[in-house]
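The values are calculated or read from the model by the stated rules, or taken from the named source; none is laboratory data. Source: prediction; values computed, not measured. Because the Cβ atoms are built from the backbone with ideal geometry, glycine has one as well, and the counts that use them run over all protein chains shown.
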Amino acid sequence: MNKLRLSGIALALVGASSGAHAADSVTLYGVIDTSLQYVNHANSGGDHRWGMQDGNLSGSRWGLKGSEDLGGGLKAIFQLENGFNPNTGAFHQGGKMFGRQAFVGLSGDQWGTVTLGRQYDPLVDMVQPLTADNYFSSMFATPGDVDNNDNSSRTSNAVKYVSPVLSGFQFEGLYALGGVAGQTGSGQTWSGAATYSIGSFSAAAGYFYAANAASATKRTGWSGTSDGTFDGNFDPDTPLNNGYVTAKSIGIASVAAQYVFGPFTANLRYSNAQYRPDAESAFFNTERYNVGGAYLGYQATPALLLGLGYVYTKSSGDTSATYNQVSLGADYSLSKRTDVYLMGAWQHASGEQGNGKGGAVQAEASVGSYGYSSAYTVQDIVTVGIRHKF
């Protein structure tokens, strides 16, 4: 990332306020990640797909972040981050200008950091870094991203606190206000997590709760302070958890542990995600997803990282389905800012999954969080791409 000391005029050109010129520093940064991708069973007809796919190792983005020293160890901080598709130029995150992050806050050396705005939740900040997704992202993620392991959800209207690191221990809490008069809980989100590191060992655990907006009639989708953890454009006939977009709430408990030994990195994770209905939901019983994952990374050379991942996902409650996914990856750094990668994944599905109408259909394989609706029990994806950071 390149640090640019921007004048008040330059900041105005990027839409900053007139007072922003007092900042000690402003950093302009970004990532562009795109690839050529092959998908076996990419639609309900079982057709194969050759095409461009962005955001395989990292979501493409550009952003501004900065800080102002207020004295006494206190700083004012901000961050604005836009997500985009480099293949089309379109915005991600539902077309939001700064859909990835947009917040301002205060940070103190002794008491921690408080931020307000659109942000990541504590599970993303603390548990996700100790999983395979931190190294190879979407193709190693939970099928359907039912537990938000691949950061499908961000939270708006949020107040977040992050503690300083105390003897290897750190914790974080978040609360997002629904903002509906007379209905305090409508659309609210709250979450908390903690992490501990000592030497080569790290562990983290946390819980995330997001409520859907209240409705006087049957809901047709998800609407709350958090984006929801759904792939496939909320189409109830697409894979895994899209049949539960009308849920009253989503609750996710997650834990992970990681150990680094020589050139190897190994981690294990477990999560339990529950999609709960109410009278306005289009399904009737709580759907539960138990997810277990394992990852082994090998730094073969300073430039080459190899990875092997396995994810087991089991649903129960409203329906019963099982998803087994194996992923392989290789990432080669051409420089500190540019790398090329090759990844592949195979997934097999069995049982039945919800159709969003109170019924069930045959479980469909859908690798990671890509959201391709196969209508088949097996799906394969192979991707070769390039990522550049600036």
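Scanning the stretch 364-383 for residues that are modelled with pLDDT of 90 or more and aliphatic (A, V, I, L, M) returns A365, V367, V378, I381, V382.
The residue of the stretch 286-307 that is surrounded by the most Cβ atoms within 10 Å (Cβ to Cβ), among those that are β-branched (V, I, T) and over 26 Å from A213 (Cβ atoms), is V291. Cβ separations smaller than 8 Å between residues 6+ apart or across chains give the following pairs from the stretch 113-125 residues that are in contact (Cβ under 8 Å) with a residue 12 or more places away in the chain and over 12 Å from V162 (Cβ atoms) to residues that are hydroxyl-bearing (S, T, Y) and surrounded by fewer than 22 Cβ atoms within 10 Å (Cβ to Cβ): G117/S156; R118/S156; L123/Y207. Can you find a residue in the stretch 117-128 that is surrounded by fewer than 19 Cβ atoms within 10 Å (Cβ to Cβ) and touching a strand residue (DSSP E or B) at 6+ places or on another chain (Cβ under 6 Å)? There is no residue in the stretch 117-128 that is surrounded by fewer than 19 Cβ atoms within 10 Å (Cβ to Cβ) and touching a strand residue (DSSP E or B) at 6+ places or on another chain (Cβ under 6 Å). For the stretch 78-113, residues that are part of a strand (DSSP E or B) and either surrounded by 15 or more Cβ atoms within 10 Å (Cβ to Cβ) or among the aromatic types (F, W, Y) (or both) total 16. Residue under question is V361, and the condition is that it be assigned to a loop (DSSP other than H, G, I, E, B) and modelled with pLDDT under 95; does it hold? Criteria not met by V361. Any residue at all in the stretch 97-109 that is touching a residue at least 24 places away in the same chain (Cβ under 8 Å) and among the acidic types (D, E)? The answer is yes, given that some residue of the stretch 97-109 is touching a residue at least 24 places away in the same chain (Cβ under 8 Å) and among the acidic types (D, E).
Pick from the stretch 263-285 the residues that are polar (S, T, N, Q) and at pLDDT below 95: which of them is surrounded by the fewest Cβ atoms within 10 Å (Cβ to Cβ)? Among them, the one singled out is N285. When D47 is tested against (1) free of Cβ contacts under 8 Å to residues at least 12 places away in the same chain; (2) crowded, with 16+ Cβ neighbours inside 10 Å, just one condition goes unmet, and that condition is (2). Counting only residues that are free of Cβ contacts under 8 Å to residues at least 24 places away in the same chain and β-branched (V, I, T), the stretch 199-222 holds 0 of them.
Tell me yes or no: at least one residue of the stretch 170-188 is under 15 Å from the mean Cα position of the chain (by Cα), crowded, with 20+ Cβ neighbours inside 10 Å and touching a residue at least 12 places away in the same chain (Cβ under 8 Å). Within the stretch 170-188, none of the residues are under 15 Å from the mean Cα position of the chain (by Cα), crowded, with 20+ Cβ neighbours inside 10 Å and touching a residue at least 12 places away in the same chain (Cβ under 8 Å). Can you name every residue in the stretch 343-390 that is closer than 12 Å to H41 by Cα and either free of Cβ contacts under 8 Å to residues at least 24 places away in the same chain or of a type in the set (A, V, I, L, M, F, W, C) (or both)? The answer is W346, A365, V367, A375, V378, I381. Could you run through the stretch 54-68 and say how many residues are more than 28 Å from the chain's Cα centre (by Cα) and either among the hydroxyl-bearing types (S, T, Y) or at pLDDT below 95 (or both)? Of the residues in the stretch 54-68, 0 are more than 28 Å from the chain's Cα centre (by Cα) and either among the hydroxyl-bearing types (S, T, Y) or at pLDDT below 95 (or both).
What are the residues in the stretch 127-156 that are of a type in the set (A, V, I, L, M, F, W, C) and not in a loop (DSSP other than H, G, I, E, B), if any? Answer for the stretch 127-156, where residues must be of a type in the set (A, V, I, L, M, F, W, C) and not in a loop (DSSP other than H, G, I, E, B): V127, L130, F136, M139, F140. Per the listing S373, S327, S366, S350, the residue uniquely surrounded by fewer than 22 Cβ atoms within 10 Å (Cβ to Cβ) and among the hydroxyl-bearing types (S, T, Y) is S350.
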